[in-house]
1. Neighbour counts of other C-beta atoms within 10 Å: give me GLU103, GLU83 arranged from fewest to most.
2. What nm distance separates the two modelled labels at ARG19 and ALA91, each placed 7 Å from Cα along Cα→Cβ?
3. PHE21: net charge of surrounding residues, Cβ under 11 Å, Lys/Arg +1, Asp/Glu -1, itself excluded?
4. At 20 °C and a viscosity of 1.002 mPa s, what translational diffusion coefficient does Stokes-Einstein give for the chain, taking Rh as the Kirkwood radius over Cα pairs? Give it in µm²/s as a whole number.
5. How far apart, in nm, are two points set 7 Å out from the Cα along the Cα-to-Cβ line at GLU10 and at ASN43?
6. Can you compute the helix-only [θ] at 222 nm over the chain? Use -39500 (n - 2.57) per DSSP H run of at least 4 residues, normalise by all residues, nearest 500 deg cm²/dmol.
Amino acid sequence: MHASVTVTGEYDPDNAVSRSFEIVNKRGLHARASAKFVQLVDNYNAHVRVSKDGMTVGGTSIMGLMMLAASPGCCIEVSASGEQADAVLDALQTLIADRFGEEA
C-alpha cells in the first residue's frame, strides 16, 4: 500500500468533479469497505466528499461513511477537488465495482 499523501488546499466545490456510484457488494458500505475507501483516498492529493440522501461526509472518515448507511443497490455521489480529483474518482470507481475485494 502507498503511504498517505499530504493533501494541499481545501475542498473547492467550484472546481470539484462528481460521479455517482452504485454500491454493489453484498454488505454495503460497512466498516471494512469504509476502511478500504479511506485508505484509497489517503493515497491521492484530493479532497473527497461523499453524499447520500442529503447527508455529506468527508471521504477520509470511516465513521462518516458508515453513517451514510449505504446499503447494496443504493447510489452514493462522490465529489473530489484538487490536483488528483479525477484520478481518485477513477480509483474509487474500480474499488466499488470490484466490490471492495470482498466477493468473487
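Readers should treat all values here as calculations from the given coordinates under stated rules, not as data from a laboratory. Just so you know, these numbers come straight off a predicted model, no measurement behind them. Glycine gets a Cβ as well: all are built from the backbone with ideal geometry, and neighbour counts include every protein chain shown.
1. On the way: GLU103 10, GLU83 14.
Going from sparsest to densest Cβ surroundings: GLU103, GLU83.
2. For ARG19 paired with ALA91, the spin-label model returns 1.3 nm.
3. Numbers: positive: ARG19, LYS52; negative: GLU22, GLU77.
Once all neighbours under 11 Å are counted, the net charge is 0.
4. Rounded, D is 160 µm²/s.
5. A separation of 2.9 nm, rounded to one decimal place.
6. -8500 deg cm²/dmol
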